[in-house]
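Take a look at this one; I'll ask things after.
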Amino acid sequence: EAGVVQSPRYKIIEKKQPVAFWCNPISGHNTLYWYRQNLGQGPELLIRYENEEAVDDSQLPKDRFSAERLKGVDSTLKIQPAELGDSAVYLCASSGNNYGYTFGSGTRLTVV
Amino acid sequence: GQNIDQPTEMTATEGAIVQINCTYQTSGFNGLFWYQQHAGEAPTFLSYNVLDGLEEKGRFSSFLSRSKGYSYLLLKELQMKDSASYLCAVRDPNQGGKLIFGQGTELSVKP
């Protein structure tokens, strides 16, 4: 069974440019999460989906960040425009039971 | 407020035992998780505690005391490959069941 798949693995962009990350969760997992992890810190939740509905986006900076999960399967997280402070690892995770999440490999974003 | 505390870094010797502590203050509790994260990689699940007591899984064990808001991860017979960051996370049902992570403990295993 494939795990949580994320793409791209690395991304370097100039500030003020847009960027998008993609995530395909484990088949059958209804809950999908986007987390951001700064260097030396634990992951922080940006948004949580139950199927196609965003049920917790309270930590998502909505002026520049957006996300979608149109068919309740894969998801896209976008930043437009990117700022220097957005440099971080963006982790996608999915869950289908009480035993925590399965994380993808993450996308390491560097904004220069 | 939500608060998950763990030491920033620890050092231990190969073959030894190390205990990584985690204390938490959350509005609700529905399980505590430990994850291992090697540099540049995604966190991987290690253990889950929802009832008080010790859960053992090979060289790794995790303990929970809900009344004290306290957990520890015990690593035995340390190996060099155990050098990684160890993340403590609490599931809070009052926060939509999301996992709230501590900052992680960077463990260095020396020969």
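Name, by its number, the condition in (1) free of Cβ contacts under 8 Å to residues at least 60 places away in the same chain; (2) at negative phi; (3) over 11 Å from the mean Cα position of the chain (by Cα); (4) open to solvent by 10 Å² or more (accessible area, probe 1.4 Å) that does not hold for residue B:46.
Status for residue B:46: all satisfied but (3).
Going by what's in this entry, would residue A:67 be described as open to solvent by less than 60 Å² (accessible area, probe 1.4 Å) and either charged (D, E, K, R) or modelled with pLDDT of 95 or more (or both)?
The answer is yes for residue A:67.
Still on this structure, I have one more. Restricting to region B:69-102, and then to whatever is in contact (Cβ under 8 Å) with a residue 12 or more places away in the chain, surrounded by fewer than 18 Cβ atoms within 10 Å (Cβ to Cβ) and not in a helix (DSSP H, G or I), can you tell me which residue is farthest from the other protein chains (Cβ to nearest Cβ)?
Here the answer is B:77.
Got a number for residues in region B:15-25 being open to solvent by 10 Å² or more (accessible area, probe 1.4 Å) and either free of Cβ contacts under 8 Å to residues at least 12 places away in the same chain or within 18 Å of residue B:4 (Cβ to Cβ) (or both)?
Counting residues in region B:15-25 that are open to solvent by 10 Å² or more (accessible area, probe 1.4 Å) and either free of Cβ contacts under 8 Å to residues at least 12 places away in the same chain or within 18 Å of residue B:4 (Cβ to Cβ) (or both) gives 5.
Anything in region A:61-112 that is of a type in the set (Ser, Thr, Tyr) and within 14 Å of another protein chain (Cβ to nearest Cβ)? List them, or say none.
Those that are of a type in the set (Ser, Thr, Tyr) and within 14 Å of another protein chain (Cβ to nearest Cβ): A:90, A:94, A:95, A:99, A:101, A:102, A:105, A:107, A:110.
Also, I was wondering about something else. Hey, among B:28, B:40, which residue is assigned to a loop (DSSP other than H, G, I, E, B) and free of Cβ contacts under 8 Å to residues at least 24 places away in the same chain?
None of the other options fit; the residue is B:40.
Looking at region B:58-70, which of its residues are in contact with a Ser or Thr (Cβ under 7 Å, 6 or more places away or on another chain) and farther than 15 Å from residue B:19 by Cα?
B:69
The values are calculated or read from the model by the stated rules, or taken from the named source; none is laboratory data. Quantities reported herein were computed from a predicted structural model and do not represent experimental measurements. Don't worry about glycine lacking a Cβ; one is built from the backbone with ideal geometry, like all the others, and counts go over all protein chains shown. Protein only, heavy atoms only, side chains kept; ligands, DNA and RNA dropped before computing areas. Shrake-Rupley method; radii C 1.70, N 1.55, O 1.52, S 1.80 Å.
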